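First comes the structure, then the notes that go with it.
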Amino acid sequence: MKRLKKAALVLAALLAAAAAAFALLRAKGWLLFPNETRPARWKVWGVDVSAYQGNVDWMELHRQGVEFAFIKATEGSGMIDRCFEENWENAQAAGVLAGAYHFFSYDSPGETQAENFIAQVPVTAGALPPVVDIEFYGDKAQNPPDRETVRDILDPLLEQLESRYGQKPILYVTYRTYKLYIQGEYEDYPLWVTRPLLAPLSKDWTFWQYSHSARLSGYQGKEERIDLNVFRGSLEDLKALGAAH
């Protein structure tokens, strides 16, 4: 009986600690649910989109509280998102602060990737800094390129984008790509970290992508879900980031 009582007390203590941790994380906004919109502890909330969301009604998204959006523009040295131009113009017309992102390729030179992005994305007053999306595709997760190879591609890409747009590009990272390629060498670049549910507490991030599976009204395309993000600051801070040309 004593052992059972002791086990019950230990279990109760663990449950109480878990409940307290959950309450703390929720109170600070560090734990967000996949469909949670306009998170109460964050002042600025947004989305990211590509052609997969199809036709986007930016006024409707803005009505739901979307203040900013990252819009896919290019991928590698030749791919162009077919919806970029329309999304770019309409998001800004609706009052949504917009930034364009480039999906990084491990298989082509950084110089030609920069040329692809620059050819599609105009220098726009008030736009958020360009984004380089560094994640794995194909078999890269199983066979990740070495750090030096990635650096030889990434460095000229970042240099050309900063020279063109007058802003340090934002780096979109997963846990693995940050550890493998970014940590310790690109600390002065703003970070956009993807981590569903729980905030990346160990990183000095600027944007947090907390959901890959939300559903909002205002778009109709191949993908029914949409990514949700928060900005670590005020709306004035975000506008200042966009104004820093």
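Any read-out appearing in this document is the output of simple, stated calculations on the displayed coordinates, not a laboratory observation. Keep in mind the model is a prediction, meaning the values are calculated, not measured. Note: ideal-geometry Cβ built from the backbone for every residue, glycine included; neighbour counts use all protein chains shown.
Numbers below:
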read-out	value
Neighbourhood net charge (12 Å Cβ-Cβ; Lys/Arg +1, Asp/Glu -1) for residue 83	-2
Over the chain, relative contact order from alpha-carbon pairs under 8 Å, at least 6 apart, %	24 percent
For segment 203-210, Karplus couplings with θ = phi - 60° (6.51, -1.76, 1.60), whole Hz, Gly/Pro x	10, 8, 8, 10, 10, 10, 8, 9
Inter-centroid distance (Cα atoms) of segment 200-242 relative to segment 130-192, Å	19 Å
Ranked 67, 135, criterion: other C-beta atoms within 10 Å, fewest first	135, 67
Helix runs (DSSP H) in the chain reaching 15 Å along axis by Cα, Kyte-Doolittle at least -0.5	2-28
Distant-in-sequence amide H partners of residue 172 (H built 1.01 Å from N, under 5 Å)	132, 133, 134, 192
By average C-beta atoms within 10 angstrom, highest first, the peptides 164-170, 125-131	125-131, 164-170
³J(HN,Hα) computed for each position of segment 125-142 - Karplus, 6.51 cos²θ - 1.76 cosθ + 1.60, integer Hz, glycine/proline x	4, x, 5, 5, x, x, 10, 10, 8, 10, 9, 9, 9, x, 9, 5, 5, 7
For 212, 62, 102, order by how many other beta-carbon atoms lie within 10 Å, fewest first	212, 62, 102
Förster radius 25 Å - calculated FRET efficiency between residue 18 and residue 240, Cβ distance, rounded to 0.05	0.05
42, 208 arranged by Cβ crowding within 10 Å, fewest neighbours leading	42, 208
